[in-house]
Amino acid sequence: MDVVQKEHSRLLKRTEGSQSIKNVQSAIDSLQAARDAIAADPSTASTTLATLQNSVKSSFDSINDSLKETHSGLNKYTKSLDKLFKDRPLPSTDDDGLSTQESLINRAIAMHLLREGQFGVAATFLSEITDEKTINPVSQNGHEPTNTSASLLDIDEVPSTEIRKQFASMYYILQQLQENRNLLPAIEWSRENREALEARGSNLEFELCRLQYVWLYHGGADSQGTGSGWLAALEYARQEFHVFVPRYLREVQQLVGAMAYSPNLGGSPYAGLFNNTSAWDDVAHFFTREFCSLLGLSADSPLYIAATAGAIALPTLLKLQTIMKSKRTEWTSDNELPVEIPLPPQYLFHSIFVCPVSKEQATDENPPMMMPCGHVIAQESLKRLGKGNRFKCPYCPSESHPKDARKVFL
């Protein structure tokens, strides 16, 4: 997998650094210039075309060389994929849990398209679902379909049309924030939803206003054109920061107090507040997370997370399938993987506990129990080890009684 990632990074870097587009545009510009010159003075046509020939040929040669490099990188990338997955069928199971959840799959795809701002594609996808159900009113499992495109995206009594409208609003605000450095639409949205955000303990409004203050201080003009620089930032603080004083007094004091170091802010204790290179990306991600949270959705697309986690797990599952085939064994676990799949921390959503003694996953009937020494085992293992008497911890010399153990809540 490391080889595939390496080749992918190399291909991406080579593609981003490619001169093909610039060379194509150069050729187009040369042709347009020649056309205009001939139109202005037809008598120069032969001279212009002769000059144009060398220019166009040079551009075409550069384009071909650039395409050869890109094609070479693409070949290496595909070969690394073929080498990793060659003649190795994907893991299969007799009971495909997704085959009976067509509506959930369609919903995940449609929501992913909306999250990515592909509103036209999402509308086409939903309309095709409606057309298919109209032509084939009975689904594959023999039941009448219960979901249509009109209600497929409904969540928590929020209608589908409202969800589309909300995501369109989110992308407009993100575009203003990231491309135009305009924080005012995001600040306005946070104020309209202040009560709900405060109920969540969110500090989004303050973070947006703080970035606006820093933006003005560094010379960024607001959309109203009222000025920029430290004087504009100070005036903005007078108008807006009084709302945040009860909750963010220390932060407000630091922002305003930094004015005293204006001639040498870089050498002041407040330099980090005004020179955060990732501030705009951080606040954009923060806004997206809070926006989706108020809709009852996760900040990241579940479809993207599931596909990424599946891609990470695929090599392990393929290896497991090979071992089972050679040993003629089958999976014995129901609704869970027979091996642990290491995933990045951002993909770990539900804490689980596997007893180190019995190797069984904890449940409500068999919860994890922590002994006085700090080690944790499942309740059934605790009963088998103790049998109502004092026993030695299986991982340290400490002794304890089953009644001294405490239930652990994850």
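The values are calculated or read from the model by the stated rules, or taken from the named source; none is laboratory data. Just so we're clear, the structure is a prediction, and the values are computed from it rather than from any experiment. Quick reminder, even Gly has a Cβ in these numbers, built from the backbone with ideal geometry, and neighbours come from all protein chains shown. Just the protein is used for accessible areas: all its heavy atoms, side chains included, with ligands, DNA and RNA removed. Shrake-Rupley method; radii C 1.70, N 1.55, O 1.52, S 1.80 Å.
When peptides 52-65, 206-219, 265-278, 182-195 are sorted by average Cβ neighbour count within 10 Å, with the highest value leading, the order is 206-219, 182-195, 52-65, 265-278.
Within the assembled protein chains, the solvent-accessible surface assigned to L81 is about 50 Å², based on a 1.4 Å probe. Given in Å, the Rg to one decimal and the Dmax to the nearest whole number for the Cα atoms of the range 163-295 are 14.9, 48. Within the same chain, lysines fewer than 8 places from K6 are excluded, and of the rest, those with a Cα less than 17 Å from its Cα are K76, K79, K83.
Computed from backbone phi with θ = phi - 60° and the Karplus coefficients 6.51, -1.76 and 1.60, the 3J(HN,Hα) list for the range 286-303 is 4, 4, 4, 5, 5, 4, 5, 4, 5, 8, x, 10, 6, 5, 9, 5, x, 5 Hz; x is used for glycine and proline. Scanning residues 5 or more positions from V357 or on other chains, those with amide H under 5 Å from its amide H are A378, with H placed 1.01 Å from N in the peptide plane. Working value for the range 1-83: equivalent-ellipsoid semi-axes of 40, 10, 7 Å, each the square root of 5 times a Cα gyration tensor eigenvalue, largest first. For the peptides 376-385, 30-39, the ranking by mean Cβ contacts within 10 Å, running from highest to lowest, is 376-385, 30-39.
When the GluC sites (Glu not before Pro) in the range 234-342 are filtered for DSSP coil states and for at most 14 other beta-carbon atoms within 10 Å of their beta-carbon, the remaining sites are E330, E336, E340.
Give me the percent relative contact order of the range 354-407, please, defined on Cα pairs under 8 angstrom at least 6 residues apart. 33 percent. For the range 162-171, backbone phi angles converted through the Karplus equation (6.51, -1.76, 1.60; θ = phi - 60°) give residue-by-residue couplings of 5, 5, 4, 5, 5, 5, 4, 5, 4, 6 Hz, Gly and Pro being listed as x. Excluding same-chain neighbours fewer than eight residues apart, the lysines reachable from K392 by a Cα-Cα span under 24 Å are K359, K383, K403, K407. Residues in the range 4-9 carry Karplus couplings, in order, of 5, 5, 5, 5, 5, 4 Hz; the curve used is 6.51 cos²θ - 1.76 cosθ + 1.60 with θ = phi - 60°, and Gly or Pro positions show x. Atom-type composition of the exposed protein surface of the range 354-407 places 49 percent of the accessible area on carbon and sulfur (1.4 angstrom probe).
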